[in-house]
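A short write-up of the structure that comes next.
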Amino acid sequence: MFGFGEHAQEQVQQQSCPRCQSAMQYLGDHGIRMGGLTGLGGAAAGAIFGQLATDGEEAFEKKMAVQVHVCPQCAEVSLKYRGGL
């Protein structure tokens, strides 16, 4: 559910760009990962504990699915919440 390009594209309503009013291009549903072990502490845990640290990190992260729309004219990006967290 949260990977990139895993889902068959469904019929999505056409959106207009809020900046230039051009038709936005739908790029599909994508996953965004938030949280987990970060910074030097996360890197140290990964180096010392390996896969165990990776498994523990997944317990603290949150995942969210979004629809991604991009304007080909001005490069505006729009994310629409689809689920998760």
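FYI, it's all coordinate maths here, none of it is from the lab. Only a predicted model underlies this, so the values are computations on that prediction, with no experimental measurement involved. Glycine also receives a Cβ, built like all others from the backbone with ideal geometry; neighbour counts cover every protein chain displayed.
The slack in the chain from C74 to I32, taken as 0.36 nm per residue of separation less the alpha-carbon distance, amounts to 12.8 nm.
Based on the Cβ-Cβ distance from E61 to Q25, what FRET efficiency comes out when R0 is 30 Å, to the nearest 0.05? Mind showing how you got there, number by number?
Working: r = 29 Å, r/R0 = 0.96.
Efficiency computed from Cβ-Cβ geometry: 0.55.
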